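Data block below; observations after.
The values are calculated or read from the model by the stated rules, or taken from the named source; none is laboratory data. Owing to the predicted nature of the structure, the values given are computational and were not obtained by experimental measurement. Every residue, glycine as well, gets a Cβ built from its backbone with ideal geometry; the counts of neighbours run over all protein chains shown. Only protein heavy atoms, including side chains, enter the accessible area calculation; ligands, DNA and RNA are left aside. Shrake-Rupley method; radii C 1.70, N 1.55, O 1.52, S 1.80 Å.
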Amino acid sequence: MNIALLGFGVVGGGIYELAKGRTDLTVSRVLVRRDIPEIASIATRDFNDILNDSTIDTVVEVMGGLHPAYEYVSAALQAKKNVVTANKALIAAYYTELTALAKENGVALRCTAAIGGGIPWLHNLERCKRLDTITEVGGIMNGTTNFIMDAMHTSPASFPVILKKAQELGYAEADPSADIDGDDIRRKLAISANIAFDAVLDEESIPTFGIRTVTDGDIATFQSHGFVCKMLATAQKCGETVCAFIEPTLVDAHDLEASVPANYNLISYTAEKIGRQSFFGQGAGRFPTASNVVQDCLDIIGGQTSFYTEDMAPAELEDAVAHPYYVRTACTDRWLESITVDCWDSGVITSAISSHEMIRWAKRHLSKDPTCFIAGIR
Ligand code: HSE
């Protein structure tokens, strides 16, 4: 396989390393904006050098962002080159269109590294679907929030102190909003649900509550009741519709999710015949992500031409799952009082409430009490 790499950042460099010395993969061009002595002989700043080179059969896109990644990937598919990408934003926004373009041109489009970094999640989701009906997907889909929640349980400190540590270690961005508010997870869940259920969900409508307002006091309370708090994503098939939500969740201290350490992910599907299967590993990073990209290339060499899902139709989001919640707020609220069944230190426990209703309420309530925190109880 003759590869052109678009981008030579952390992941691009990892791909180059993994391909070096192999006889079945050659990186023969790299689109890059800066001068890098190591690849000077194959570097170009002009995408047309790649597009017009008929010896290049596969474009590997690891530049990130929507534009010009979308234009480059579309042009590569139209030029009948396979595309492998690790770009989650691109896949979330254009999956259906790019899949159609790949089919039309008889080439492959693979994106296993786009969700879960080094975890072969989409690859296995696709394999499971060949033989079974998937009923649920989700789990711990973000390393930054898992690092923060894990540290708050194992070396108690306040949320701001641990967030700062996550930033120093390079897990959290300078603006950590996409991770801690759940937007990164929402995108991963939407793509996973699309593939698992052949359903196109409106990503923005998936109810999501982040961990920005969790306190060390909340964590101490959960631990005293035998719970561990994790940031979890859930999408369940409910007939023709899908119920999906993302929220801090109290799991039993003996559950699999409770023991996921540091910045690891644990992503699972449940299917009718096989039951639950879970995938544990690094959801980001140089070699984990590069490995999934190179595996996709090797799958294409091996004849893999399928598209994770062949047939997607728009699906409604349904408000079908109800469970009790822990709610902490400094403001009184009539609705909350009407559903309260117990008190835990500074918080209350509610009767079973639909996740859509509770997350909608909590987001509205933040304007009255910006310190409010909720966690579903599984
Ligand atoms: N920032 C993400 C995480 C990795 O912490 O898991 C990229 O999706």
Point to revise | Residue identified as within 11 Å of the ligand (Cβ to nearest atom) and within 22 Å of Asp198 (Cα to Cα) among Gly139, Gly143, Gly106, Gly116 | key: Gly116
Study note, to complete from the structure: Scanning the range 155-169 residue by residue, those in contact (Cβ under 8 Å) with a residue 12 or more places away in the chain and either farther than 22 Å from Thr208 by Cβ or within 13 Å of the ligand (Cβ to nearest atom) (or both) turn out to be Pro156, Ala157, Ser158, Leu163, Lys165, Ala166, Leu169
Practice item. Would you please name the residue that is nearest to the chain's Cα centre (by Cα), looking only at residues in the range 179-222 that are open to solvent by 50 Å² or more (accessible area, probe 1.4 Å) and within 16 Å of the ligand (Cβ to nearest atom)? Key: Arg187
Revision key, fill the gap. Residue count, the range 80-125, condition more than 16 Å from Gly285 (Cα to Cα) and either free of Cβ contacts under 8 Å to residues at least 12 places away in the same chain or in a helix (DSSP H, G or I) (or both), comes to 20
**Study point:** Number of the condition not met by Ala322 [criteria: (1) open to solvent by 40 Å² or more (accessible area, probe 1.4 Å); (2) hydrophobic (A, V, I, L, M, F, W, C); (3) under 12 Å from Arg110 (Cα atoms)]
**Key:** (3)
Exercise for review: Please find, within the range 284-315, the residue that is farthest from Asn265 (Cα to Cα) out of those that are surrounded by 14 or more Cβ atoms within 10 Å (Cβ to Cβ), among the charged types (D, E, K, R) and more than 16 Å from the ligand (Cβ to nearest atom).
Suggested key: Asp299
Review point. Hey, Thr99 hits all of (1) among the β-branched types (Val, Ile, Thr); (2) at pLDDT 95 or above; (3) more than 11 Å from the ligand (Cβ to nearest atom) but one; which does it fall short on?
Key: (2)
Practice item. Among what's in the range 223-277 and is of a type in the set (D, E, K, R) and more than 23 Å from Lys165 (Cα to Cα), pick the residue that is surrounded by the most Cβ atoms within 10 Å (Cβ to Cβ). Key: Lys237
Review point. Just for the range 170-204: of the residues that are free of Cβ contacts under 8 Å to residues at least 24 places away in the same chain and among the small types (Gly, Ala, Ser), which one is nearest to Ala262 (Cα to Cα)?
Key: Gly170
Exercise for review: Determine, yes or no, whether Thr234 is away from the ligand (no atom under 16 Å from the Cβ), modelled with pLDDT of 95 or more, assigned to a strand (DSSP E or B) and of a type in the set (Ser, Thr, Tyr).
Suggested key: yes
